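Contents: one structure, followed by commentary.
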Amino acid sequence: MFIVNSPVVETKQVHENIFIQKLHSPEIARLIKPGQFLNIRVSENSFPLLRRPFSICDVDGDNIYLMFNILGEGTRILSHKQPGDLIDILGPLGKGFNLDGNYETAIIVAGGLGAAPFPYLTRELKGKKNILSFVGGRTKQDVIKFGLENLNLSSDDGSIGYKGNVVQSLENNLDKIDVGSSKIFACGPNAMLRVLKDFCLKNELDCEVSTECAMACGFGICQGCPIESTSDSEKYLLVCKDGPVFNVKDVVI
């Protein structure tokens, strides 16, 4: 884990209210794994006070990429960073996706900004596994395709792709999937992940999900990001330290 001031290489808008920010950070780039995150101090001032967690979107050489939308003052500040500006980042943090295993097909399931961690996962799995991507959102503007391959698109209002949510789109294609040789990697709103968990348990699909939670420290000291465990020995786990990636069998979403 490092605390570094990383220079911005580029900030660009790639979708409706979606930004990709490229940072030069060789110390972190060489260690980061798909599904891990950074805790970022977006301003040198006292406001916003706390760091903000961001999934690693992609890694290319010594550069790391963030994907975010503007939800408040912190992300607004970040979106205005110019090349050469320094950003105080802490990372890599958390446990990422487990890419090992005997599965042949990696099935990516992303809802809205839940697409953020999957360009890097796609990069790491390409050429090693077959990849299918199921990407959805409320409307066409919420469906993020950046860095993903073999896309199956869906939208709640039918403005793009399958009309329905992303889990329904996956279910609609279940007959084309070899369940025994597939593994699901998912990220999105908790409501989506709960439905996906039920679907995977019903169909005996191995599934890991990247969860989201408000957090302060990012490495387990503040105990501010609990998630309920299904284990008899542990009532709660911490999203920042034990996750953010969990097998769906291990947590209550």
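Can you find even one residue in region 154-177 that is modelled with pLDDT of 95 or more, part of a loop (DSSP other than H, G, I, E, B) and loosely packed, with under 13 Cβ neighbours inside 10 Å? So far as region 154-177 goes, yes, one or more of its residues are modelled with pLDDT of 95 or more, part of a loop (DSSP other than H, G, I, E, B) and loosely packed, with under 13 Cβ neighbours inside 10 Å.
With the condition kept exactly as written, say whether any residue in region 137-152 is touching a residue at least 12 places away in the same chain (Cβ under 8 Å), part of a strand (DSSP E or B) and within 16 Å of the chain's Cα centre (by Cα). Lay out the reasoning, then the answer.
Within region 137-152, the first condition is being touching a residue at least 12 places away in the same chain (Cβ under 8 Å), and the residues that meet it are 137-152.
Within this subset, residues satisfying the condition of being part of a strand (DSSP E or B) are 137, 151-152.
Narrowing further to those that are within 16 Å of the chain's Cα centre (by Cα): 137.
Within region 137-152 (the criterion being touching a residue at least 12 places away in the same chain (Cβ under 8 Å), part of a strand (DSSP E or B) and within 16 Å of the chain's Cα centre (by Cα)), the answer is yes, since at least one residue qualifies.
Looking only at residues that are closer than 14 Å to residue 94 by Cβ and of a type outside the set (A, V, I, L, M, F, W, C) in region 225-253, which one is surrounded by the most Cβ atoms within 10 Å (Cβ to Cβ)? Here the answer is 244.
Condition first: part of a loop (DSSP other than H, G, I, E, B) and not aliphatic (A, V, I, L, M). Can you find one or more residues in region 106-116 that meet it?
Start the filter on region 106-116 by keeping residues that are part of a loop (DSSP other than H, G, I, E, B), which leaves 116.
Then keep just the ones that are not aliphatic (A, V, I, L, M); that gives none.
No - not one qualifying residue is present in region 106-116.
Starting from residues that are touching a Lys or Arg at 6+ places or on another chain (Cβ under 7 Å) and β-branched (Val, Ile, Thr), keep the ones in region 65-96 and report whichever is surrounded by the fewest Cβ atoms within 10 Å (Cβ to Cβ). Applying the filter and picking the extreme gives 70. Being assigned to a loop (DSSP other than H, G, I, E, B) and surrounded by 13 or more Cβ atoms within 10 Å (Cβ to Cβ) is a description that does not apply to residue 200. Just one of the listed residues (120, 103) is aromatic (Phe, Trp, Tyr) and part of a helix (DSSP H, G or I), and it is 120.
Inside region 1-26, can you point out the residues that are outside any strand (DSSP E or B) and either modelled with pLDDT under 95 or among the aliphatic types (A, V, I, L, M) (or both)? Let's see the steps before the verdict.
Going residue by residue through region 1-26, those that are outside any strand (DSSP E or B) are 1, 16-17, 25-26.
If the condition is that a residue be outside any strand (DSSP E or B) and either modelled with pLDDT under 95 or among the aliphatic types (A, V, I, L, M) (or both), then 1, 16, 17 are the ones that fit.
Contact annotation: residue pairs with Cβ atoms under 6 Å, 6 or more positions apart or on different chains, pairing a residue in region 223-246 that is closer than 17 Å to residue 39 by Cβ with a partner that is open to solvent by less than 50 Å² (accessible area, probe 1.4 Å) and of a type in the set (Val, Ile, Thr), are 225/239; 239/211; 239/227; 243/211; 244/211. Per the conditions (1) at pLDDT below 95; (2) buried (at least 19 other Cβ atoms within 10 Å of the Cβ); (3) more than 22 Å from residue 21 (Cα to Cα), the sole criterion not satisfied by residue 106 is (1). Residue 34 meets all of the listed conditions (1) part of a strand (DSSP E or B); (2) touching a residue at least 40 places away in the same chain (Cβ under 8 Å) but one, namely (1).
The values are calculated or read from the model by the stated rules, or taken from the named source; none is laboratory data. All of these numbers come straight from a predicted model, not from anything done at the bench. Note: ideal-geometry Cβ built from the backbone for every residue, glycine included; neighbour counts use all protein chains shown. For accessibility, only protein heavy atoms count, side chains too; no ligands or nucleic acids. Shrake-Rupley method; radii C 1.70, N 1.55, O 1.52, S 1.80 Å.
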